[in-house]
Amino acid sequence: MIKIQRLEMKDICKSFQGIHANKDINVEVNSGEILGLLGENGAGKTTLMNILYGIYQPDSGSILINGKPVRIANPLESINLGIGMVHQHFMLIQNHSVIENIALGYKDTPFLFPRKILRQKIKSFSSQFDFQIDLDQKVWQLSAGEQQRVEIIKTLLNGADLLILDEPTSVLTAREIKELIDILRRMKADGHSVIFISHKLNEIMEICDHVTVLRKGRIVGGAQTKDTDKLGLARMMVGKDVALTMDREKLPKGDRVLSVRNIHVTGDKGVAAVKNVSFELYKNEIFGVAGVAGNGQRELAEAITGIRPIDSGKVRINGRDITNLSPRQIYDYGISHVPEERIRFGIAPGLFLYDNAILKQHHLKKFSKWYFLNYERIKLHTKSIITEFRVATHAINNQIRNLSGGNIQKLILGREISEQPQLLVASHPTYGLDVGATRFLRRHLLELCRQGSAVLLFSEDLDEIFELCDRVAVIFAGEFMGILDTDDERINDIGMMMAGSKRMNSDPVEAGLTT
Amino acid sequence: MIRIITSDRYNITPLRSFMTNIAALGAGILAISLIFLAAGVNPLYAVCQIFIESFGSIYGIKETITKAIPLILIGAGLTLAFRAKFWNIGAEGQLLMGAVFATWTAQHLGPALPPALIVPLIFTAGFIGGALWGIIPAILKIKYAINEVITTLMLNYICAEFLTMLIVGPWKGKTRFGFPGTDPLPDSAILGVLPGSRIHYVTLILAIICSVGLCVLIYKTRFGYEARVVGENPDAGKYAGIDFLKTSLILMAVSGGLAGLAGVGEVAGIHHYLGYPASVSSGYGFTAIIVAWLAKLNPLFAIASGLFFAGIIVGGDAIQISLGLPAATVEIVNGILLIFLIMGDYFLYNKIQICRSRA
């Protein structure tokens with residue numbers, strides 16, 4: 001096999017149902033180079049990479065390796081050519097160990113005793129690129145970052161010279177992102193080439209040599225990262241100037257909406273995930289919970305919305321005790337929820353858009369009479385969400401699985417906001433969205449709060465928290481390290497709080513001054 | 001070199017879905033022809049004969065409708081369960097339990113009551129019997145996470161043995177001269193038939209009403225919506241606040257209950273006494289799984305697919321005798337058709353392209 005020195009994709013076109021996903025795309029990447037593919041949701045980045053990996057066939061255009069045209073009919077051929085892909089959603093078997101998963105994806109796995117031979121090979125790669133991974137652990141025990149490393153090892157073992165990473169950082173914590181970047185740098189130094197798909201400007205700027213910007217299936221710009229800046233890239237991406245900050249009007253503190261007192265919640269693995277958390281949330285307020293992923297945010301959100309039982313403590317909304325009520329009862333008290341894993345929890349993929357638009361509201365009077373659903377009203381409601389939240393779809397009787405992740409997120413958000421909830425619990429609402437959609441959704445959250453709702457916002461994105469929130473709590477290992485006003489000057493130490501090494505408070509409840 | 005490329009298909013129209021089914025049935029019949037050929041029978045003749053025997057004569061049509069009654073009832077009920085991805089393989093047992101409850105009711109209350117009262121009563125009893133047998137796996141699944149395929153399947157055998165125990169033991173009839181089986185049901189509990197046929201029309205009407213009703217239930221009601229959501233994505237169901245226990249109990253009560261109604265029809269409309277399990281139902285609970293599948297899990301279509309499979313039973317039985325084929329012929333035909341229907345789904349949800357490559 002010849003090493004990939006230079007890979008070119010020329011005049012690639014691909015359309016689905018008459019809509020161009022890719023139109024006249026030209027990209028090239030040389031060995032020892034990292035190419036960033038930047039673009040909004042649905043810009044055609046993943047389609048392009050799926051063509052390169054042999055999952056799709058282009059309608060026209062060609063792929064050249066070292067100047068010679070190749071045809072890639074399926075992923076196996078692509079692997080044989082030295083291309084490896086790490087998907088956004090990992091393709092690992094949860095109940096198998098790391099080495100078993102690697103053996104499964106390895107093309108020369110011997111029939112008998114595969115582990116023995118593989119162990120040796122993996123060791124050499126691990127030391128070369130400084131992967132730290134226990135080969136005998138089961139995959140479900142690994143963090144997202146470790147799972148990603150397993151995926152990368154899989155591609156390297158198969159001799160990949162060119163590595164495609166599809167939104168690799170969307171599931172990683174800040175520290176894991178740093179480790180990934182280190183690994184990629186070492187691979188680059190070793191002569192590998194990398195195509196890095198992302199819509200996060202920071203990462204692209206930090207790691208890529210070149211960047212190609214896609215919008216609506218076409219290339220709208222490209223640059224050497226050293227010759228450009230974030231603002232320039234953002235401008236290319238959305239096609240107009242965007243302000244990267246948003247002005248927020250200061251609203252007077254309203255009545256108390258939510259009160260959480262000393263709650264304890266158990267996580268999936270049977271250990272305490274939320275420990276003795278207390279806070280209060282008022283009308284017209286957005287309250288942020290910051291922290292590195294996996295420190296109890298998900299469990300806290302699920303406990304408040306009734307999906308996960310609360311071991312002890314009390315949750316009250318407008319003075320009413322809602323501790324451990326069913327999700328539907330809690331919804332009826334006015335708590336909406338945008339879940340963290342939207343595809344997993346937020347939708348029924350095979351049902352139509354309009355079925356999904358009422359997932360939590362189908363029992364409400366306005367959508368049903370007796371036991372019958374009022375589909376006329378449901379469809380009207382769906383249409384209004386689609387227009388208001390700019391969900392891109394050609395019909396409302398379209399299975400929601402056909403929509404892109406960003407559009408699904410917009411529909412879920414529209415669904416949860418449209419009923420004017422007392423409290424919106426939003427977990428990473430702009431996760432995976434492009435700049436335009438993010439701005440749009442943030443404005444909606446501010447508007448919701450101006451109209452008298454309270455918002456509990458879980459986010460890892462500190463910019464988002466500072467942009468939207470009046471107060472922020474920092475969660476670490478299931479505990480609140482403190483609650484601060486976002487204009488508190490001590491906020492600069494928030495990093496210390498996120499790392500669990502400092503406690504600070506400006507909130508009387510958390511400090512135990514009121515009861 | 002020829003290559004085969006598969007990709008997801010996005011626009012699945014009802015017409016395409018229907019045509020895929022027809023093509024799958026056609027391919028299935030082709031495969032069955034090979035088996036006929038191997039058995040030394042002219043396949044064209046045999047396949048034609050199946051449909052001539054079942055749909056080609058007044059007698060055949062009457063018999064086909066008779067056999068379609070239980071298939072429609074059970075098949076329609078299964079569409080509901082399968083929509084919620086509750087794999088109810090236990091319709092056979094639910095049918096038998098319906099028959100047991102109906103027999104008890106008829107024997108104890110029948111002599112004293114006029115038909116206008118006892119007929120609704122035995123159907124109610126049959127529904128309850130089937131529903132009770134159906135909700136056991138629902139409780140086991142939701143409360144204890146026990147796989148419903150295993151429980152529903154095993155409950156079939158338990159019910160069959162229970163029924164056998166009744167007819168060789170406490171329920172053995174005085175008029176049976178020592179053979180297993182109950183005494184005949186009282187006349188008031190015997191269902192009327194269309195003249196010159198075995199079509200117990202009350203059950204037939206009930207079957208059609210149930211199919212239409214289930215269609216409304218699945219597509220128009222809150223409960224149907226919840227069942228579909230649970231089937232599509234249980235996690236979303238949990239997030240949406242759907243009560244799994246309640247949903248599963250209702251859908252298995254309905255699914256089992258309809259099988260129970262079919263059991264009532266068999267006992268009170270056809271046999272008029274309770275005999276061995278294999279004589280009460282000739283595997284309708286299993287054939288109905290294919291009926292539901294061919295109907296694309298739409299209860300209304302279960303009427304057509306029920307008639308189709310009833311035709312295969314009738315025609316298959318006939319050619320078994322006339323062509324001297326083994327008794328398993330019908331089951332082989334049904335099994336092959338199910339496999340091809342499921343394979344058809346693969347072609348429905350995936351686009352297969354064959355192209356010639358340059359390399």
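The values are calculated or read from the model by the stated rules, or taken from the named source; none is laboratory data. Here the structure is a predicted model, which means the values were calculated and not measured. In this analysis, Cβ positions are derived from the backbone assuming ideal geometry, glycine residues included, and neighbour counts consider all displayed protein chains. Only protein heavy atoms, including side chains, enter the accessible area calculation; ligands, DNA and RNA are left aside. Shrake-Rupley method; radii C 1.70, N 1.55, O 1.52, S 1.80 Å.
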Normalised per residue, the volume of the convex hull around the Cα set of chain A (Å³): 163 Å³
Pairs of lysines in segment A:282-417 (C-alpha under 19 Å apart; 8 or more residues apart or interchain): 11
Degrees separating the helix B:148-168 axis from the principal Cα axis of chain B, which is the longest one: 30 degrees
For A:366-376, mean number of other protein chain Cβ atoms within 10 Å: 3
In degrees, nearest ten, helix A:114-129 long axis to first principal axis of chain A (Cα): 80 degrees
Debye intensity ratio I(q)/I(0), log10, segment A:6-238, q values 0.09, 0.11, 0.12, 0.16 Å⁻¹ (C-alpha model): -0.37, -0.55, -0.66, -1.15
Charge dipole magnitude, Cβ of K and R +1, D and E -1 - segment A:6-238, Cα centre, debye nearest 20: 200 debye
Share of carbon and sulfur in the accessible heavy-atom surface of chain A [1.4 Å probe, %]: 50 percent
Per-selection Kirkwood Rh - segment A:259-348 (Cα, Å, 1 d.p.): 13.7 Å
Selection from B:Ala131, B:Gly260, B:Phe82 lying farthest towards where the dipole of chain B points positive, charges on Cβ: B:Phe82
Solvent accessible area, Å² - B:Leu30, 1.4 Å probe, full protein context: 120 Å²
Proximal lysines relative to A:Lys138, as straight alpha-carbon distance under 23 Å, when same-chain residues fewer than 8 apart are discounted: A:Lys107, A:Lys116, A:Lys121, A:Lys123, A:Lys154, A:Lys269
Ratio of the Cα radius of gyration of chain B to 2.2 N^0.38 Å, where N counts its residues: 1.05
Summed buried accessible area for A+B [probe radius 1.4 Å, Å², rounded to 100]: 2800 Å²
Segment B:130-165 versus segment A:321-390: alpha-carbon centroid distance in Å: 34 Å
For the protein assembly as shown, with +1 on Lys and Arg beta carbons and -1 on Asp and Glu, the positive-most of A:Thr155, B:Phe308, A:Met496 along the dipole: B:Phe308
Per residue, in Å², the accessible surface of the protein assembly as shown once ligands and nucleic acids are set aside, probe 1.4 Å: 43 Å²
Cα convex hull volume per residue for segment B:1-147 (Å³): 254 Å³
Of B:Gly324, B:Ala189, A:Ile475, farthest towards positive along the dipole that unit charges on Lys, Arg, Asp, Glu beta carbons give the protein assembly as shown: B:Gly324
Cα-based Rg and Dmax for segment A:255-499, where Dmax is the largest Cα-Cα distance (Å): 17.7, 55
Segment A:6-238: relative contact order in percent, alpha carbon pairs under 8 Å with at least 6 residues between: 30 percent
Burial order of peptide ranges B:63-75, B:324-336 (average beta-carbon count within 10 Å, highest first): B:63-75, B:324-336
Sequence of A:Met481, B:Met19 when ordered by accessible area, the most exposed leading, probe 1.4 angstrom: B:Met19, A:Met481
Shielding score for B:219-228, defined as the mean number of other chain Cβ atoms within 10 Å: 5
Span per principal axis, largest first, for the Cα atoms of the protein assembly as shown (Å): 97, 75, 52
At least 50 Å² accessible surface lost relative to isolated chain, residues of segment A:43-77 (1.4 Å probe): A:Arg71
Lysine-lysine proximity count for segment A:1-100, Cα under 13 Å, sequence distance 8 or more or distinct chains: 6
Along each principal axis, Cα extent of segment B:150-291, largest first, Å: 61, 36, 25
Magnitude of the charge dipole, the protein assembly as shown, Cβ model with Lys/Arg +1 and Asp/Glu -1, debye to 20: 1200 debye
Table column - 3J(HN,Hα) (Hz), segment A:452-465, Karplus curve with 6.51, -1.76, 1.60, x for Gly and Pro: x, 8, 10, 10, 9, 10, 9, 8, 9, 8, 5, 4, 5, 4
Residue with peak Gaussian network fluctuation, chain B [Cα springs, cutoff 10 Å], from B:Ile12, B:Ile135, B:Ile319: B:Ile12
Computed magnitude of the charge dipole of chain B (debye, nearest 20; Cβ of K, R +1, Cβ of D, E -1): 920 debye
